[in-house]
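What follows is a single structure, written as structure tokens, with notes after it.
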Amino acid sequence: MRPNNPFLISGYYSPEFFCDRELETVTILDALHNGRNVTLIAPRRMGKTGLVRHAFYRLKEEQPDIVTFYLDIYSTQSLGDFVRLFASTVLGQLDFVPQKALSRIRQFVRSCRPVFTFDELTSVPKVTIDVAPAEEENTLKEIFEYLGSSEKRCYVAIDEFQQIAEYPEKGVEALLRSYIQFLSNVNFIFAGSKQHMMQEMFTSSKRPFYQSTQPLTIGPIQQDEYANFATGLFFFT
């Protein structure tokens with residue numbers, strides 16, 4: 001299957017329209033298959049988001065029952081922003097039956113009142129929450145408990161992860177680490193574009209995420225590799 005106009009593509013579409021990154025893809029898949037979290041570092045516009053989505057595509061090919069989540073936290077400015085984005089990305093996505101999804105959300109999310117709407121095409125619940133500042137940590141804990149309660153294998157990619165270091169609240173890194181380390185059914189890709197900040201977060205013995213992930217840094221795709229890929233698109237049928 002191919003898009004109506006293969007030369008006007010934004011974001012990730014399918015492996016046929018994804019260039020190279022074969023070694024990087026294998027590295028990510030191997031880490032996730034073996035229960036390791038990944039730190040993915042690349043400058044902006046280098047293709048890390050496409051690589052994450054490609055890895056998730058391959059994972060779903062191999063294991064159709066898994067659940068993947070992607071959230072870009074670049075625009076978040078506080079823990080509250082993160083919690084609201086995390087909730088809207090995750091809540092309601094672990095069950096195919098809407099009634100079961102609503103029941104599970106109500107079971108785990110008690111610190112705030114979720115607002116439920118339904119996708120008109122899929123009937124999947126969409127959830128938004130309004131979190132009071134005093135309840136942000138409780139709500140975050142409840143979302144992680146909701147993830148951990150699932151019988152499904154889950155993979156979560158948090159893009160521009162270094163942004164949490166800019167939040168005004170203290171101890172956000174330690175808070176996230178305290179929840180993430182106990183999730184036996186969930187693995188994470190922490191992607192970031194600020195190399196120094198990301199390396200500091202994951203390689204400094206003073207930071208909560210010290211040596212908790214497998215590091216992967218990507219650079220530009222080789223020019224001849226990309227030229228062959230682009231040329232091949234003109235003959236794609």
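The values are calculated or read from the model by the stated rules, or taken from the named source; none is laboratory data. In this text the structure is predicted, and so the values were computed from the model without any measurement. Cβ: placed from backbone, ideal geometry, glycine included. Neighbour counts: every protein chain shown. The accessibility values were calculated without ligands, DNA or RNA, using every heavy atom of the protein model including side chains. Shrake-Rupley method; radii C 1.70, N 1.55, O 1.52, S 1.80 Å.
To keep it simple, each residue is scored yes or no on (1) more than 25 Å from E200 (Cα to Cα); (2) open to solvent by 20 Å² or more (accessible area, probe 1.4 Å).
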position	(1), (2)
R36	no, yes
L40	no, no
K48	no, no
L59	yes, no
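The rows are residues; the columns are (1) closer than 14 Å to I189 by Cβ; (2) of a type outside the set (F, W, Y); (3) at pLDDT below 65; (4) within 18 Å of the chain's Cα centre (by Cα).
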{"position": "P3", "(1), (2), (3), (4)": "no, yes, yes, no"}
{"position": "P6", "(1), (2), (3), (4)": "no, yes, yes, no"}
{"position": "E16", "(1), (2), (3), (4)": "no, yes, yes, no"}
{"position": "V26", "(1), (2), (3), (4)": "no, yes, no, yes"}
{"position": "D30", "(1), (2), (3), (4)": "yes, yes, no, yes"}
{"position": "I41", "(1), (2), (3), (4)": "yes, yes, no, yes"}
{"position": "R44", "(1), (2), (3), (4)": "no, yes, no, yes"}
{"position": "T49", "(1), (2), (3), (4)": "yes, yes, no, yes"}
{"position": "R53", "(1), (2), (3), (4)": "yes, yes, no, yes"}
Considering only segment 37-62, how many residues are assigned to a loop (DSSP other than H, G, I, E, B) and among the polar types (S, T, N, Q)? 1
In segment 130-165, which residues are touching a residue at least 60 places away in the same chain (Cβ under 8 Å), small (G, A, S) and open to solvent by 10 Å² or more (accessible area, probe 1.4 Å)? S150
How do the pairs read when you match residues in segment 191-215 that are within 18 Å of I180 (Cβ to Cβ) with residues anywhere that are of a type in the set (G, A, S) and surrounded by fewer than 16 Cβ atoms within 10 Å (Cβ to Cβ), using Cβ under 7 Å and keeping only pairs 6 or more apart or on different chains? M201/A165; P208/A174; Y210/S204
For segment 114-129, does any single residue satisfy the condition of being open to solvent by 70 Å² or more (accessible area, probe 1.4 Å), over 20 Å from E169 (Cβ atoms) and of a type in the set (F, W, Y)? yes
Any idea how many residues of segment 118-169 are in a loop (DSSP other than H, G, I, E, B) and in contact with a helix residue (DSSP H, G or I) (Cβ under 6 Å, 6 or more places away or on another chain)? 5
